[in-house]
Amino acid sequence: MADESLNDSGGDWQDMLVGAATDYILEHGIPDSAAAWEWLQNPDFETILGEYFNQGGFSVDEWERMITNIENVSISDWAGGIWVQFDMDFESDDGKYEGSRGVRGGL
């Protein structure tokens with residue numbers, strides 16, 4: 001999936017994610033999970049946001065539009081697959097909903 005709604009005009013956040021995926025592969029090799037391996041070859045934030053925010057509230061596209069910063073991207077082994085986590089800052093267009101949170105999800 002592409003992060004079409006993510007405001008990453010300089011590509012810095014995507015670069016961090018690709019770097020973390022590359023580091024994972026170099027350190028751990030190919031995971032047992034086919035879904036994890038597929039994601040590592042073309043990593044995106046949208047999939048992990050979907051894993052984390054799968055219980056309603058804002059949609060993944062809405063979250064992507066609200067993100068103002070991403071940092072501390074990491075990928076680790078998890079049950080034959082991978083565990084992806086990152087911290088994000090966010091703010092709604094009207095400024096009424098803002099803050100920081102950790103996002104995580106497994107594949």
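The values are calculated or read from the model by the stated rules, or taken from the named source; none is laboratory data. Since this is a predicted model, take the numbers as computed values, not measurements. Here Cβ is always computed from backbone atoms with ideal geometry, including for glycine, and neighbour counts include all displayed protein chains.
Take the residues in segment 1-21 that are aliphatic (A, V, I, L, M) and modelled with pLDDT of 90 or more, then tell me which one is nearest to LEU40 (Cα to Cα).
Residues of segment 1-21 aliphatic (A, V, I, L, M): 1-2, 6, 16-18, 20-21.
Pick out the ones that are also modelled with pLDDT of 90 or more and you get 16-18, 20-21.
Working: MET16: 13, LEU17: 9, VAL18: 8, ALA20: 9, ALA21: 6 Å.
Applying the filter and picking the extreme gives ALA21.
This table checks each residue for (1) surrounded by 15 or more Cβ atoms within 10 Å (Cβ to Cβ); (2) at pLDDT 95 or above; (3) out of contact with any Asp or Glu (no Cβ under 6 Å at 6 or more places or on another chain).
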| residue | (1), (2), (3) |
| --- | --- |
| ILE70 | yes, yes, yes |
| VAL73 | yes, yes, yes |
| SER76 | no, yes, yes |
| GLY80 | no, no, no |
| PHE86 | yes, yes, yes |
| ASP93 | no, no, yes |
| VAL103 | yes, yes, yes |
* Structure fact -> Checked pairs for segment 17-29, first touching a residue at least 60 places away in the same chain (Cβ under 8 Å) and farther than 16 Å from ILE70 by Cβ, second of a type outside the set (Val, Ile, Thr) and in a helix (DSSP H, G or I), C-beta under 6 Å and 6 or more apart or across chains, list as none
* Structure fact -> From the option list TRP83, TRP63, single residue qualifying as of a type outside the set (Val, Ile, Thr) and touching a Leu at 6+ places or on another chain (Cβ under 7 Å) is TRP63
